[in-house]
Amino acid sequence: MNTKIAARSTQQKPAAPARPLAEAIKRITADSSAIIAVTTALLFILACIFVNGFATVTNLRALFLSVSLVGIAAVGLSIITIVGRLFALSVSAMVAVSTIVFASLLHTGPWTAMAAAVLFGALAGAVQGFFVGRLGTDPIVTTIAAAAILIGFAQIVTGGRNVQGAGDASVFGQTIFGVIPVQVLAFFVLTVLAWWTHRYTVLGRRVTLVGLNEKAALVSGMRAWPVVLFAFIASGAMAGLAGGLLSSESGQGNLQLGGTFGFDAITAVVVGGVSVKGGTGNPVGAATGAILVGLLGNALVLLGLSYEVQLIFKGVLVLLAVVATGIASNRQSGRKR
Amino acid sequence: MCVESLNVVLEPIKRNEVNVVLSTEVLLSVNRISKSFGGAKALNDVSVDFRAGEVHALLGENGAGKSTLVKVIAGVVAADAGEVTFPRGPESADVAMVFQELSVIPELSVRDNMALSMRRTSGLLVRREKLQERMRTALASAGLQDLDLDMPVEALPLAKRQLLEIARGLVADARTLILDEPTATLSDIEISRVHEVVRSLVAGGRSIVYITHRMGEVFRLADRITIMRSGSVVASGPTAGFTMDSVVTHMLGEEHTAGEAIHVQENFSPENRRKLHIRELASGHRFSDVSFNAQAGEVTALFGQIGSGADDVVRALVGLIPVTAGDIQLNETQLSALSRPKSQKHGIAYVSADRVLEGVFLSGSVAQNVSSGALAGVSRLGTIRAELETDLARSVATKVAFDPARIRVPVGSLSGGNQQKIAIGRALATQPDVLVLNEPTRGVDIGARAEIYRALRQLSANNVIVIVYSSDIVELRELADRVITMFRGRPVSSNRTTDVTDSQILTEILHGAKA
Amino acid sequence: MVRLYWHFRTLLAWSLAVLAFIAFAVTNPAFLNAGNIYSLLQSFAVLALVATGLALVMIAGEFDLSIAGTIPLAALIAVKVGETAGIPFGVAAAIAIAAAVGVLNGWLTAHYSVPSLAVTVGTLVLTIGLGFAVAGGQIVTLTNFEPGLWLDQAIAEIISPRALIYVVLVVAAGWLMAKTWSGVKIRAVGSDRQRSSASGLPVTRVLILAFVISGLFAGVTGALQGLTLASGAPGSDEATLLQAVTAAIIGGVALTGGKGSIPGVAAGAMLLAVVGNGLSLQGTSTAIIQLINGGILLLIVIIDRPLNSIVNKSVENSMSPPQHRVPIDH
């Protein structure tokens, strides 16, 4: 092989003329987030048409209210997933303890209480992020441990009792323009913010790159741990916010309020097409996932199906979503020649 | 053809007292095998016979098709055309392959690893004592007689793991044994041991297919040689019919000696010339006493086999492995305690040897890959500007001869050569003072290789210091102005590539002595 | 020195368990009462069984969240079906369902090459839902107390048949890992899946086996628990999951796979059981005990990697003089 032969080398064949519609469809079907968004929209329309009682203002308001809080937690969690650290299993615990923080500080005013809840979440997230990012501990085990420690502390402090906030949190119960509750607005705003950060900022790009291939990121001199730390702080802050908003509904805080937030958020992230392997997917996907799951649950209830059927549905949905995202990501990265 | 004429070679061959007549019984026959991966033809109508009682060396440059051929023989890869037959019959159809990449499982013990390859994994219980005798024999043959069978493999040093790999091949009890670069990281004593083992195996009637880059080994050990180039067999016959030069010529093609680095005009003023000074650099046991100067306007290559430390020098320059002694001075700045992020900040960019694992983000687009190390440059106030990213991608694409119209394509769908260009493009986008590349064209087709060489030489002419590690002598000729050869962790010599012959270089990296 | 590599964590865990035992025995005479030992062994046995099942999955390089749902589900099935169709049938049905969940987990994870974490979240939600479906919104009870009483009677004052059954299963699993090819294969797959697959090991089957055992053990735990409580309640048993993970990790099992042994897991379970029992005897609230559990887990997780490298280094150095090259993966 010498320069003579090399000079005769083939240049890449010119790309076939792109047919815009075909290209667009191809790109959409390859993008799992888009599929979920389309599916959600379709199901929404179908529900409006076929499910009795779905398309009423009361029902839709209740639906969006319940979806918003899970959605906020899910959007935060998705950043951890995108950066390649799987999940934080401490979301339920963080939400629960945040309700206690909010209720305890409600007497200083609703906004300061909310700030405290968010700050608490951010701090708790930061500690976990430090362990997972800087010390390299396993995210699952670390967050399981963190959850146990948080619940333990909170149990000791509150004696397991309900904390009744002494103040007026109704500012968070208002509706903007008479229709959109504050919580829903918060969900919407945060989703847009997360989407924009992920898509357009340097930080968001770093999150994606570290999630896609941490070794390749290191090769170009990027440190992973600050990015991982950020992911956990953001997720923690969102969990704190969700807890604060939850608590504001009743002015109370207790450990039971964490409920199924954790698994609901994970379900939303997975169903939303965010790949558990990291790198692919967008926080909007998690938001859409939350809406989809909430939507299905709501429709099933209206159709007279019981709680357990909902759960079984959710479970199957997660499995389908995991498999679908798995197939898609295997195909994408296996495409090298 | 008598034995005596084989003594022409470098070292006396140890042979049995019995006059060895080259056997004619064929154990394994490869007939007209062809194989393509994607669009690239890896094997082109290959036919070879492997005979009982013979060591048959398979030679060829990277990408010549040796590994693919043996994978077809071992059944790991299916051929597109042709067949592999066993003329002696089905009882001799067992082929054991000792891979180039270690296949031992780190957290299992030596015993369990051996047991797995003995394929006696049927039945419920692991009869650890029963298999022990055969294991000990195989281990002893590979020079590991004192090894504790319960030792976890991950605690073994690399050399011992390699010997274990060979022992695993031995214990599998096949008639045909394929050894793919089995002595890559071994010391001379260990290599002799392996050779003894190999000779005793063929004396027992087995057929050994031996892939190696080491010319000395070939002439010391092999009864027959087959040379491949670009997927075809270009020469095959008894070792006596070859000389070192004829082998090299076959491997590289007639015109190889004419290959030369293209000349590009420098376009910077000499007083701005960037310089890198390395003084007595050492990194533990990996390498020591490395000193050289590299500068913009010429491409410097570190050249050596796996295990020579040459690849480690390159990694140390970019902060991926620690430096235990010596210094690195870039222009006027002393660099110390380098980590990857730190060396990048100082303007040293790196292109890794493993592009799939470390070089590119397969799911990302070309533009996203290119900007991945230079995000600050394509953003304002922390926000990425699409037009800046596109501009950067386009300009870098032009520099590496990649079609700028394809910058939105996901990198995972590109050919190996294009992926490598993007990997290089990522590094270029950081506007480095120094570009360090580890095996820059591994697994890349000829056309893309030439484009990459041209791009690198152009870079050098633009006042970037280009340092390369390679194990491919043709690459050396086409790309580098200066070559530093290394052997067993120490530098051998430093010359302008035009001042040394291939034989000299090969001798230095194989034997560590100046020719 | 090589023995050290294989048994260090096990020895360490047992030492800690013994130390904790002695500490509590010394500070609280009531600790050594037959009744207390009985209760200690009860909680130890349950934890050891669940942790062992989970450990098998972890050694294979995966994780199983669904056991938090399988345990209550098995209890519900054993009780509900047992009430109508007879207890043996109820228990059999519970165990069968649990094994089926394991098959599903293993197959999806292996066949589609997806992280088991995501899969088992799905099966967790599924099993919780199935649990609610079985309960059907009612309180599920068993009128026949006999089997439950039999299971929990005190033999020689300190141990129950149920605990013995669990211990036998743990020993069986330990034997599987140490003495059979399946055990070697599970460890191989967990240590390096790619190389195992390249060496011809049936990775899918191995993973399914690990998940089935994990499901089975969770199923047995849940079924017998249902019998002894004579009732079942739907929901998820996250507390047991947390403890099982902790026990496994204390015992030297790593989430990355390939490491750890069943005796070590048993030691971890013993340590947690002793600490939990001793503390609650002293009147410590469950909250604090849970806190301490979490703290122990976090601590172990932090020292895990440095601890492993120390052990590895000393094994390396115990061989012939310092070798040339640091083992790198080419």
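Derivation of every value follows stated rules applied to the coordinates shown; laboratory data play no part. Remember, predicted model here, so these are calculated numbers, not experimental data. Virtual Cβ from ideal backbone geometry, glycine too; neighbours counted across all protein chains shown.
Listed values, structure above:
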read-out: Magnitude of the charge dipole, the protein assembly as shown, Cβ model with Lys/Arg +1 and Asp/Glu -1, debye to 20; value: 1100
read-out: Peptide B:305-314 - average C-beta neighbours from other chains (10 Å radius); value: 1
read-out: Top positive-direction residue, dipole computed over chain A with Cβ charges, set A:Leu218, A:Phe64, A:Gln310; value: A:Leu218
read-out: Sum of -39500 (n - 2.57) over DSSP H runs of 4+, divided by residues of chain B (222 nm, nearest 500); value: -9000 deg cm²/dmol
read-out: Cβ crowding within 10 Å averaged over residues, with B:319-331, A:146-158, A:98-110 ranked highest first; value: A:98-110, A:146-158, B:319-331
read-out: P(r) histogram, all alpha-carbon pairs of segment A:45-138 included - 10 Å bins from 0, percent; value: 14, 33, 27, 19, 7, 0
read-out: Point-charge dipole on Cβ atoms (K/R +1, D/E -1) for chain A, about Cα centre, debye to 20; value: 1880
read-out: Relative contact order [Cα under 8 Å, 6+ residues apart], segment B:23-252, whole percent; value: 30
read-out: Order by protection proxy (mean Cβ within 10 Å, highest first), peptides C:216-223, B:156-163, C:252-259; value: C:216-223, C:252-259, B:156-163
read-out: For segment B:23-252, convex hull of alpha carbons as volume per residue, Å³; value: 131
read-out: Dipole moment magnitude, nearest 20 debye, segment B:355-430 about Cα centre, only Lys, Arg, Asp, Glu C-beta charged; value: 60
read-out: Mean Cβ count within 10 Å, highest first, over the residues of peptides B:70-76, C:288-294, A:43-49, A:292-298; value: A:292-298, C:288-294, B:70-76, A:43-49
read-out: Separation of the A:Leu303 and C:Ser318 label points, Cα + 7 Å toward Cβ, nm; value: 6.3
read-out: Hull shadow area, averaged, chain B [alpha-carbon convex hull, nm²]; value: 26.6
read-out: C-alpha center-to-center spacing [segment A:161-186, segment B:269-341] in angstrom; value: 62
read-out: Radius, Kirkwood style, for segment C:61-198 when every pair of distinct Cα atoms is counted (Å); value: 17.2
read-out: Cα-only Debye scattering, segment C:67-124: base-10 log of I(q)/I(0) at q = 0.16, 0.18 Å⁻¹; value: -0.52, -0.61
read-out: Cα convex hull of segment B:355-430 - mean projected area over all directions, nm²; value: 4.3
read-out: Taking chain A and dividing mean pair separation by its residue count, relative contact order in percent (alpha carbons under 8 Å, at least six apart); value: 32
read-out: Angle in degrees between helix C:67-85 and the longest Cα principal axis of chain C, rounded to the nearest 10; value: 30
read-out: Estimated translational D of segment B:262-362 in µm²/s (Stokes, Kirkwood radius over Cα pairs; 25 °C; 0.890 mPa s); value: 166
read-out: CD proxy at 222 nm, helix term only [per DSSP H run n ≥ 4: -39500 (n - 2.57); per residue of chain C; nearest 500]; value: -26000 deg cm²/dmol
read-out: Average partner coverage of C:178-185, which counts Cβ from other chains inside 10 Å; value: 5
read-out: Acute angle (nearest 10 degrees) that the helix A:139-158 long axis makes with the longest principal axis of chain A, alpha-carbon atoms; value: 10
read-out: Shielding by partners - mean other protein chain Cβ count within 10 Å, residues of B:479-487; value: 0
read-out: Largest-first principal axis extents of the Cα set of chain A (Å); value: 85, 52, 36
read-out: Size of segment A:77-131 as Cα extents on the principal axes (Å, biggest first); value: 40, 18, 16
read-out: Cα centroid separation - segment A:289-330 against segment C:120-188, whole Å; value: 29
read-out: Size-normalised alpha-carbon gyration radius of chain C, reference 2.2 N^0.38 Å; value: 1.02
read-out: Listed residue (C:Val206, C:Ser160, C:Ala248) projecting farthest to the positive dipole end of segment C:9-314, Cβ model; value: C:Val206
read-out: Neighbour net charge for B:Ala429 - beta-carbon separation under 13 angstrom, K R +1, D E -1; value: +2
read-out: Relative contact order (%) - criterion: Cα under 8 Å, at least six apart; region: chain C; value: 34
read-out: Among B:Asn495, B:Val400, B:Ala140 - extreme Cα towards positive end, dipole of chain B, charges at beta-carbon; value: B:Val400
read-out: Shape parameters for segment C:209-330, alpha-carbon atoms, Rg then Dmax in Å; value: 19.0, 65
read-out: Relative intensity, log₁₀ I(q)/I(0), of segment A:222-330 from a Debye sum that treats every alpha carbon as a point, q = 0.12, 0.22 Å⁻¹; value: -0.52, -1.26
read-out: Principal-axis tilt of helix C:2-27 within chain C, Cα atoms, nearest 10 degrees; value: 50
read-out: As computed over the protein assembly as shown, the Cα convex hull volume per residue (Å³); value: 195
